[in-house]
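Have a look at the structure below before the remarks.
The values are calculated or read from the model by the stated rules, or taken from the named source; none is laboratory data. Keep in mind it's a predicted model, so treat the numbers as computed, not measured. FYI the Cβ positions are ideal-geometry reconstructions off the backbone, even for glycines, and counts take in every protein chain you see. When the accessible area is computed, the model is the full protein with side chains, heavy atoms only, and any ligands, DNA or RNA have been set aside. Shrake-Rupley method; radii C 1.70, N 1.55, O 1.52, S 1.80 Å.
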Amino acid sequence: MNQEREQQLIRQSVGNDTAAFGRLVTEYQYYVFRLAFRLLCNTEEARDATQEVFIRAWTHLAQFKPQVKFTTWLYKITVNLCYDQMRQQRRQAGLIAAGQQEKAMEVPVEEDTGQNLENQELIARITRLTGELTPKQKLVFTLWDLEGIDPEEIKLITGMSSAKIKSNLYLARKYIRQRISKIL
């Protein structure tokens, strides 16, 4: 969706045009779900989080600042919601079960990537290992390495400084590299 059309739909949505907001939801729900799923590693929780993200977006749309990308704003809402859930899960149950981490590879994709089996196995291992990271490390690793989000955008989404982002990313990558080298 081009930015002009997006801004028009946002203005209409602020004016309580639910059809316009519905078009925004249709456009961005896959991206919100994918990020929520990668962070929470549970389909139902990711669906619930996606719904909650768009409820929060609707109720706070008047506070949206057009100088920020709409996707950045949605990602920030998603990250905050999922991060709270991850911290709560961690407190309640320690680490998330490794079996749930394997499901992270089942995120629906829009097209076949054509990756060979060996790469898929490595990706599955990395994804499982992200469940062993601290919530901040998992968040930064997911945004940077799995979602491919720009570092400046990650700063806006997480509210972390560049140094904190780099530190958490370094520690996450180091942990995953060490664990993979032990496996191999």
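Quick one: is residue 45 surrounded by fewer than 20 Cβ atoms within 10 Å (Cβ to Cβ), charged (D, E, K, R) and in contact (Cβ under 8 Å) with a residue 40 or more places away in the chain?
Yes, satisfied.
Could you go through segment 55-74 and let me know if any residue there is among the hydroxyl-bearing types (Ser, Thr, Tyr), modelled with pLDDT of 95 or more and within 30 Å of residue 132 (Cα to Cα).
no
Pairs only if they're at least six apart or on different chains, beta carbon under 7 angstrom, first in segment 60-86 and within 20 Å of residue 7 (Cα to Cα), second open to solvent by less than 70 Å² (accessible area, probe 1.4 Å) and assigned to a loop (DSSP other than H, G, I, E, B); list them, first residue then second.
73/64
Provide a single number: the residues in segment 131-171 that are free of Cβ contacts under 8 Å to residues at least 60 places away in the same chain and open to solvent by less than 40 Å² (accessible area, probe 1.4 Å).
Result for segment 131-171: 10.
Of the residues in segment 13-42, how many are at positive phi and more than 11 Å from the chain's Cα centre (by Cα)?
Matching residues across segment 13-42 total 1.
Only residues that are in a helix (DSSP H, G or I) and either crowded, with 16+ Cβ neighbours inside 10 Å or out of contact with any helix residue (DSSP H, G or I) (no Cβ under 8 Å at 6 or more places or on another chain) (or both): list them for segment 174-184, please.
174, 175, 176, 177, 178, 181, 182
Of 181, 167, which residue is of a type in the set (S, T, N, Q), more than 22 Å from residue 75 (Cβ to Cβ) and modelled with pLDDT of 75 or more?
181
May I ask you to say which residue of 25, 32, 53, 14 is open to solvent by 40 Å² or more (accessible area, probe 1.4 Å) and in contact (Cβ under 8 Å) with a residue 12 or more places away in the chain?
14
If you scan segment 90-103, which residues turn out to be crowded, with 18+ Cβ neighbours inside 10 Å and either assigned to a helix (DSSP H, G or I) or at pLDDT 90 or above (or both)?
101 - this is the single residue of segment 90-103 that is crowded, with 18+ Cβ neighbours inside 10 Å and either assigned to a helix (DSSP H, G or I) or at pLDDT 90 or above (or both).
Please state which of the following conditions residue 124 fails to meet, knowing it meets all the rest: (1) open to solvent by 40 Å² or more (accessible area, probe 1.4 Å); (2) assigned to a helix (DSSP H, G or I); (3) modelled with pLDDT under 85.
Among (1) open to solvent by 40 Å² or more (accessible area, probe 1.4 Å); (2) assigned to a helix (DSSP H, G or I); (3) modelled with pLDDT under 85, residue 124 violates only (1).
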